[in-house]
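The structure appears below as structure tokens.
We did not get these values from a lab; they are worked out from the coordinates using the rules stated. All values reported here derive from a predicted model rather than from experimental measurement. Cβ: placed from backbone, ideal geometry, glycine included. Neighbour counts: every protein chain shown.
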């Protein structure tokens, strides 16, 4: 399920997303335990970055009928660019990690947002500001480069809204996703 699951049918509902891909709940909880960023925020990032498409990439730029290449190296569930991905792998290890694997993508988002908290003081519960730092990079965020990008601020507002909706939904259905694996009994349940 982590590598190449089909995009969820009802992306507006986190409970439906988890029903279609129950492992994703475990991956989000694992990232939360490691980095402190709630799963509903992690999943809101994925929804707005890739619409849950494991092989998402930015569209090509074109000049008339000539492809000029992609505007960035971003790819995968979390649209992770090459330099950030290399930093993540260098710090966390994991030669076999993949941007097209949901477990790795959620771990990356948690790691990056934890860095935003450490370097910029952004709360791990503030999806809008976390997303602006995610998109602009830590240096860009510090410089305020997002302030002259109304489209980006609009996307960050949508990420914030989705995270709030996902949080409300998760509180209503989370119990059904706990302890689904054979090894999760008693104290091993999250």
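Which one is nearest to residue 158 (Cα to Cα), of the residues in segment 111-129 that are assigned to a helix (DSSP H, G or I) and free of Cβ contacts under 8 Å to residues at least 40 places away in the same chain? Ranking the qualifying residues of segment 111-129, first place goes to 128. Out of all the residues in segment 130-172, which are buried (at least 20 other Cβ atoms within 10 Å of the Cβ), more than 24 Å from residue 25 (Cβ to Cβ), touching a residue at least 24 places away in the same chain (Cβ under 8 Å) and under 16 Å from the mean Cα position of the chain (by Cα)? Result: 132, 156.
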